[in-house]
Amino acid sequence: MQRQHIGVLVGGVLLLVVAMGISRFAFTPILPFMRIEEGLSFEEGSYLASSNYIGYFVGALGAGFIFRNKKNFLLATVILNVFSIFFMGMTHSYLFWLLLRFIAGATSGFIFVLTSSIIMDYLATHFQTRFSGFLFSGIGIGIAISGLLVPFIEGNFGWEGTWLGLGILSAIFLALTLVLWRNISIQNGEKVEKTNDTKILRGFMPWLIIAYGLEGLGYIITGTFLVDIIYNIESLRSFASFSWVIAGIAAAPAAPIWMLLISKYSTVKLLSIAYILQVIGILLPVITQTSWSVLLSAFLFGFTFVGIVSLSTAYARELFPKQSGVVVSALTTAYALGQILGPVLASSVESYFKSFKAPLSFAGFIVTVALAILLLGKWYSNRKELSKALEVYHHSS
């Protein structure tokens, strides 16, 4: 791989570190400290999470309509994203937090879709598609960074200082990306003519989108409250922040590992394995509350959710290679819709059953349904394709 290609890929990784690992997921390990010091209820924490996911939905949906000046638009949203991280530590206003989490979510949605689209297209143009999995390692690296830094910074500077410190770090990563991307030009996206072949809501794609949306709903319950749940189990409190580091460490190499396996196994088979492992990870703390079970749960969570993201987006682009922006936007929008509902439903289930086991059990059930839809969709679309092929064969003979 040429030096310039590596630079472009590393720049993309850094943008996902900022937008996903820090801007979105640093909220998870910071939330317990904010709840205690600011007296936030579980419900108020859920609303802050949902505000971020509503923003992510808006950004992911909007990114599908960006065809021109992708690079400049992307970098402008990253600047706004960094400001949203920084200002979280500058105010104690709950309403302002809601607004900032929305801005962080909207910009994250744009950044994820545009960065994925730009990097996957760039690598495909230079015959380097096999390296696309490395891009999504940015999510895990960001989670690991936030997991390691949050307890350290919070212990010295409080939760406010934690947001400020992460804001400064994000600004440094943005500056590095600007240097790495200074000489590359991104081609404007093409609006593909609408024909039966370019309709993305056909064949297996709708099933993939629905399954991915349900995955968004199921995984985000664990993703938002994992640290908080562990923190509230007295005997496991010391493992709370460390569990998030484990999730990040597992997530960092996950995408390249899953993408490497595509050469040996079908994508749907790999997705099925990832879904099954994720269900096991979600349900482990329900079955047993020991240090090994919560750490294994965190590991499986990190390893599978990044794997599902990378496998699903790569498969969608494989189905529609000329419409990477549109298909990644469609997938991410469904995912974001699931994420909006996830924390609210988790909060309702938790308050009804008065147990952290209830939202995790619900999340496990939803991800199981997502797996069933994925497998049913593959079987149905294969059967439809086979009957269509037989029809063409009979007509020609």
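The values are calculated or read from the model by the stated rules, or taken from the named source; none is laboratory data. Model, not experiment: these values are computed from the prediction. So basically every Cβ, Gly included, is an ideal-geometry build from the backbone, and we count neighbours across all protein chains shown. Remember, those area values only see protein heavy atoms, side chains included, never the ligands or the DNA or RNA. Shrake-Rupley method; radii C 1.70, N 1.55, O 1.52, S 1.80 Å.
The table for this structure:
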| read-out | value |
| --- | --- |
| Accessible heavy-atom area order of Ser41, Ser347, highest first, probe of 1.4 Å | Ser41, Ser347 |
| Using alpha-carbon coordinates, inclination of helix 324-353 to the longest axis of the chain, degrees | 40 |
| Which of Phe225, Phe86 is most accessible, then next, and so on - probe 1.4 Å | Phe86, Phe225 |
| Over segment 37-88: Rg over Rh, Cα atoms, Kirkwood Rh | 1.11 |
| Shape call, segment 64-197: gyration tensor on alpha carbons, a/c limit 1.5 | prolate |
| Shape category assigned to segment 91-164 from the gyration tensor of Cα positions, a/c cut at 1.5 | oblate |
| Where segment 286-335 is the region considered: accessible area per residue in Å², 1.4 Å probe | 30 |
| Portion, in percent, of the accessible area of the chain that falls on carbon or sulfur, probe 1.4 Å | 67 |
| Total formal charge among the other residues, if their Cβ is under 14 angstrom from that of Gly158, Lys/Arg +1 and Asp/Glu -1 | -3 |
| Label-point separation in nm, Phe67 to Glu43, each point 7 Å along Cα→Cβ | 4.6 |
| Prolate/oblate/rounded call for segment 27-143, Cα gyration tensor, a/c under 1.5 rounded | prolate |
| Dimensionless Rg over Rh [segment 208-307; C-alpha; Kirkwood] | 1.00 |
| Among the listed pairs Lys269/Lys388; Lys71/Lys384; Lys264/Lys384; Lys269/Lys384; Lys354/Lys378, those beyond 30 Å (Cα-Cα) | Lys71/Lys384; Lys354/Lys378 |
| Convex hull volume per residue in cubic angstrom - Cα atoms of segment 276-389 | 115 |
| Estimated inter-spin distance, Ser355 and Ala175, nm [label 7 Å along Cα→Cβ] | 5.2 |
| Accessible heavy-atom area order of Ile103, Ile366, highest first, probe of 1.4 Å | Ile103, Ile366 |
| Contour excess over end-to-end distance, with Cα ends at Glu391 and Ile168 and 0.36 nm allotted per residue | 74.1 nm |
| Ratio Rg/Rh, restricted to the chain and using Cα atoms, in which Rh is the Kirkwood radius | 0.97 |
| Distance (nanometres) between label positions extended 7 Å along Cα→Cβ at Leu376 and His126 | 4.3 |
| Low-density loop positions, trypsin sites (Lys or Arg not before Pro), segment 18-72 - DSSP coil, at most 12 other Cβ in 10 Å | Arg68 |
| Selected from Phe65, Ser108, Ile85, residue furthest toward positive end of dipole (segment 32-158; charges at beta carbon) | Phe65 |
